[in-house]
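**Student:** Mind having a look at this structure? Questions to follow.
Computed from the coordinates by the stated procedures, all read-outs in this text should not be read as laboratory data. Treat the numbers as computed from the prediction; the structure is a model and nothing was measured. As a convention, Cβ positions derive from the backbone with ideal geometry for all residues, glycine included, and neighbour counts pool all protein chains shown.
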Amino acid sequence: MDTILSLSKRRGFLFQSSEIYGGLNATWDYGPLGVELKRNVKDAWWRSVVQGRDDMAGLAAAMLMHPKVWVTSGHVESFSDPLVECRHCHQRFRTDDLPEPDRCPECGNEGTFTEPRSFNLMFKTFMGAVEDTASQVYLRPETAQGIFVNFANVLVASRRKLPFGIAQIGKSFRNEITPGNSTFRTREFEQMEIEYFVRPGTDEHWLNSWVEERFSWYVKHGIRRENLRLRRHGEDELAHYAKDCYDIEYRFPWGWAELEGIANRTDYDLKHHGEASGQDLKYFDEELKDQYYPYVIEPSGGVDRAALAFHQDAYDEETDSTSRKEETREVLRFHRHIVPIKVAVLPLSRNERLAPTARQVHTLVRQHLSTQYDDAQSIGRRYRRQDEIGTPYCVTVDFQTLEDKRVTIRDRDTMQQIRVPIADLVYILRDKLEHGW
Ligand code: ATP
């Protein structure tokens, strides 16, 4: 984890937020490569669950919502964690996070905890110029509620029939008691959530179907199968709205931890919002000639956690067989679809005869793919630098290129090289990015 965090900063994936002022606890800024990685994770998700299916629609609801939403959803009443404070060092902890129930993990004292109290995780703020309770609103702690309150809008506007789902990506905020482990648990984070509406009675089938679908998405995008597992929630763990729930967990350096939860939320949310708002949120099933509140399957994942796991899993070190000095090669073996930079264009040297052609090749490729141009230091050093950020393909322009209008493509993983005409370069790169070397 430490290796990756320091590489992360050096290479521009992740910076501590407000670092020049000493940083703000558990908040992070994504640097030039981090922002590309995150965008690609979101795009891969969106392509898979929205654009790639007939039964899904997208949505982007506002982060600020009517405060009644959070009363109805149960968040005001029960979105809280049990908190204890150590009377000796005054640190606060989530009781369910403590390695030993009665010993303070900070100062090591035993029997110094206060009685647990319930701590609501929602951030509060005010809307408008008056700061009173009537103008108090919450920063959303999940994107899901934006989907539920728009259920009828989307149903009518997109003329859907069950089963169908609504997907959205957006920021959520939770005033976590014990944030930590880099971007794993922060107070501001991004979620990718789906609410999939189904006929009651078919919910168990759809829960299994989404569990399989979402699990294989992580594998397809490069996470090693042995570093993923599925964990079903025990009865005592289930949220107040859930009938069943599975977590997809990743083997982080500190242990197995949740990447995504897939819950059967039953008709809890639509029913409560229907009743509280007085609006008709039932669905008329033409086949059954009956109306009812649909059941909901919710695959809910975190963008930051997914990006962290992809980053972690991609890290590899190997002895560089091409180097005479048996050096170690650090490689990020990102999947081609989520890697921040797809192609690097490298002139063999800084020789001024090579620069114009190398620049032309770069201009050609950058219109289609995220690229970097690098002409500083030896070609070996530059390959190494691209390996460290995971760039799958390096395109090298050499003196022969000036004669035969061909360039060399080098593959990150096999380090094999092929020579191709510049005229076919974009086509070939795209094909390889889609299907692999
Ligand atoms: P945890 O128990 O780990 O805090 P949770 O069960 O409360 O997570 P959910 O409410 O199921 O999380 O949220 C869905 C997803 O949103 C999680 O699987 C995770 O990927 C992401 N997520 C939730 N809280 C955070 C957070 N504080 N920081 C980063 N991502 C988060």
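**Student:** Looking at the chain, which Cys residues are left with no other cysteine's beta carbon under 4.7 Å from theirs?
**Tutor:** Cys245, Cys394
**Student:** Would you kindly state how much longer the chain becomes between Lys124 and Thr27 on full extension, computed as 0.36 nm times their sequence separation minus their alpha carbon distance, in nm to one decimal?
**Tutor:** 33.1 nm
**Student:** If you don't mind, there's one more thing I want to ask. What does the highest-first list of 341-347, 1-7, 221-227 look like by mean Cβ count within 10 Å?
**Tutor:** 341-347, 221-227, 1-7
**Student:** When only C-alpha pairs under 8 Å and at least 6 residues apart count, what is the relative contact order of the chain, in percent?
**Tutor:** The normalised contact order for the chain reaches 12 percent.
**Student:** Give me the tail of P(r) for the chain as a percent: Cα-Cα pairs with distance above 44 Å.
**Tutor:** 23
**Student:** Report the convex hull volume per residue for the stretch 1-95, counting only C-alpha atoms, in Å³.
**Tutor:** Each residue corresponds to 223 Å³ of Cα convex hull volume.
**Student:** With the cut-off at 17 Å, report for the stretch 132-175 the share of all Cα pairs above it, as a whole percent.
**Tutor:** 47
**Student:** Once the dipole of the stretch 3-66 is set up with Lys and Arg at +1 and Asp and Glu at -1 on Cβ about the Cα centre, which of Gly58, Leu24, Trp45 lies farthest towards its positive end?
**Tutor:** The one lying farthest along the dipole's positive direction is Leu24.
**Student:** What FRET efficiency comes out for Ser6 versus Lys171 if R0 is 30 angstrom and r is the Cβ-Cβ distance? Round to the nearest 0.05.
**Tutor:** Computed FRET efficiency for Ser6 and Lys171: 0.65.
**Student:** Then there is this: Mind giving me the FRET efficiency for Phe284 and His435? R0 is 45 Å, r the Cβ-Cβ distance, nearest 0.05 is fine.
**Tutor:** 0.50
**Student:** Would you mind working out the magnitude of the charge dipole of the stretch 341-435 relative to its Cα centre, with +1 at each Lys and Arg C-beta and -1 at each Asp and Glu C-beta, to the nearest 20 Debye?
**Tutor:** That gives the stretch 341-435 a dipole magnitude of about 180 debye.
**Student:** Something else about it: In the stretch 112-142, whose amide N lies under 11 Å from the spot 7 Å out along Cα-to-Cβ of His88? List them in ranges.
**Tutor:** 112-113
**Student:** Straight distance only, please: which lysines reach the Cα of Lys289 with their own Cα at less than 20 Å, same-chain residues fewer than 8 apart left out?
**Tutor:** The qualifying lysines are Lys161, Lys271.
**Student:** Further, regarding this structure: Work from the charge dipole of the chain (Cβ charges, +1 for Lys and Arg, -1 for Asp and Glu, about the Cα centre) and give the residue of Thr357, Ser158, His75 farthest towards its positive end.
**Tutor:** Selected residue: Thr357.
**Student:** Report the charge-dipole magnitude of the chain in Debye, nearest 20, computed about the Cα centre from +1 at each Lys and Arg Cβ and -1 at each Asp and Glu Cβ.
**Tutor:** Using Cβ point charges on Lys, Arg, Asp and Glu, the chain gives about 1840 debye.
**Student:** Right, here's the next one. Which entries of Lys42/Lys68; Lys171/Lys243; Lys220/Lys432; Lys220/Lys243; Lys42/Lys220 show an alpha-carbon separation above 18 angstrom in the structure shown?
**Tutor:** Table pairs above 18 Å Cα-Cα are Lys42/Lys68; Lys171/Lys243; Lys220/Lys243.
**Student:** Pop the C-beta distance of Tyr427 and Glu110 into the FRET formula with R0 = 56 Å and round what comes out to the nearest 0.05.
**Tutor:** Calculated value: 0.25.
**Student:** If you average 1/r across every pair of different Cα atoms in the stretch 46-153 and take the reciprocal, what Kirkwood value do you get, in Å?
**Tutor:** 17.2
**Student:** Sticking with this structure for a sec: Which of the lysines could a cross-linker span from Lys9 if the Cα-Cα distance has to be under 16 Å and same-chain partners fewer than 8 positions apart are dropped?
**Tutor:** Partners found: Lys38.
**Student:** Compute and list, largest first, the equivalent-ellipsoid semi-axes of the stretch 341-435 from the alpha carbon gyration tensor, each √(5λ) rounded to a whole angstrom.
**Tutor:** Computed over the stretch 341-435, the values are 18, 16, 12 Å.
**Student:** Of Ile389, His240, Ile422, which is farthest on the positive side of the dipole of the chain, counting Cα position, with +1 on Lys and Arg Cβ, -1 on Asp and Glu Cβ, and the Cα centre as origin?
**Tutor:** Ile422
**Student:** What is the Cα radius of gyration of the stretch 321-380 over 2.2 N^0.38 Å, N being its residue count?
**Tutor:** Here the Cα radius of gyration is 1.33 times the empirical estimate.
**Student:** For Cα pairs less than 8 Å apart in space and 6+ apart in sequence, what is the mean separation divided by the residue count of the stretch 341-435, i.e. the relative contact order in percent?
**Tutor:** Across the stretch 341-435, relative contact order equals 30 percent.
**Student:** Continuing with this model, one more query. For the stretch 1-146, what is the charge dipole size about the Cα centre, in debye to the nearest 20, if Lys and Arg each add +1 at the Cβ and Asp and Glu each add -1 at the Cβ?
**Tutor:** My answer is approximately 580 debye.
**Student:** Residues with beta-carbon under 11 Å from that of Ile379, excluding Ile379: net charge, scoring Lys, Arg +1 and Asp, Glu -1?
**Tutor:** Once positives and negatives cancel, what remains is +3.
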